[in-house]
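In what follows, a structure is listed as structure tokens, so that the remarks can point back to it.
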Amino acid sequence: MIKIEKKEMLGSTFIDLFAGIGGFHLALDSLGSECLYASEWDKSAAKVYHNNFNIMPDGDITKVSELDIPKHDILCGGFPCQAFSISGKQKGFEDTRGTLFYEILRIVAYHKPKIVFLENVKNLIKHNNGETFVIIENSLIGLGYDVNWQIINTSHFGLPQNRERVYIIGFRKDLNVKNFKFPSPINTSVKLSDVLEENPIDAKVINRLDVEFYKNYIPQLQLFDSSSSINKPIQIGKVNKGGQGERIYHPEGHAITLSANGGGVGSKTGLYYINNQIRKLTPRECARLQGFPESFIIDESKSNAYKQFGNSVSVNVLQNILIEIVKSLKKHEQFSTSGVSNG
């Protein structure tokens, strides 16, 4: 997480749909916003959310009436992406998980929040030759929102993880927020080794006979200039055939995208050559790669924790976007001492 200055405070209220373990919550809370409601169908994730925020999310949002959801300024959510991901079958709105976007529309249509803030996989833009995203964009426009979107890589905002996601911002038209600009890349020099734990006891070490290090990337730290870093993953070898989860990366580069479901011996985190060992990342290291603070209470189950951080949003990216939202609201005089104006 990044430190938020007083002038960047947003205030306001929000609801957290498809909340996961609370990435949106952390970002909005850091800007002084109050969570009024959360929904998350996965019981393990909901428990982690409760442990950290003292709010127990409702379960299946399809069974929750919009009448029972509090009025709010901001609706946020990383709606299920499996229906659009290139790692899935890409059925989109034919998939039940894809149609959950319509639950967002149902709630937006009733409550008309000032801002809709959504996140999804990069492939959403191209899914079904772009028709899926057109439906999403036009649906929000039809409900009275000016829609902005951009693909952003977590690597560009101070977190050493290669993670491209599309972020969608809808401003209610009466806010008159025109020409909103997403944050420019910070490109802070940061590397995976900056977030690694020292001698972690829960790191899965890989000992195999079919390890191959590439000739030009012999895994020695002196090959890299310690005063700088390369803001992308550096593959230096492989196990087996080098498929997904079988590639070995150097800690002086960035981590690959954390995944909720990835396969291979390095499933969900990838493999890294650290202190003369090949290992997966630990849950705490995954938390750091997503911008979660050290105080965050992680699921006791490693399997659950990997899935949860693989599904999560990158907190630093959200914070930077929210800061730009604050600037736009101030510029268009839609900002009051109590946050986003009501109405």
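FYI, it's all coordinate maths here, none of it is from the lab. Since the structure is predicted, the reported quantities are computational estimates derived from the model, not experimental observations. A quick note on method: Cβ atoms are made from the backbone with ideal geometry, for glycine too, and the neighbour counts reach across all protein chains shown.
Observations, loosely collected:
- Packing, taken as the mean count of other beta carbons within 10 Å per residue, orders the peptides 1-12, 121-132 from highest to lowest as 121-132, 1-12.
- Entry note, the chain: the mean residue ellipticity at 222 nm calculated from DSSP H runs of n ≥ 4, each adding -39500 (n - 2.57), is -6500 deg cm²/dmol after division by the residues and rounding to the nearest 500.
- Charge dipole magnitude, Cβ of K and R +1, D and E -1 - the chain, Cα centre, debye nearest 20: 640 debye
- The listed peptides 58-67, 168-177, ordered by packing as a protection proxy, come out as 168-177, 58-67 (highest mean of other Cβ atoms within 10 Å first).
- Bridges between two residues of the chain, per DSSP, are antiparallel at a rate of about 65%.
- Part-to-part distance (alpha-carbon centres) for region 10-50 and region 133-180, which is given in Å: 19 Å
- The angle between the Cα long axis of helix 101-111 and the main principal axis of the chain comes to about 30°, on a 0 to 90 degree scale.
- Cross-link pairs beyond the 21 Å C-alpha cut-off, checked among 122/181; 3/43; 191/268; 47/307; 7/327: 3/43
- The chain: Cα Rg divided by the 2.2 N^0.38 Å rule of thumb: 1.01
- Positive-end residue of 250, 170, 270, charge dipole of the chain with Cβ unit charges: 250
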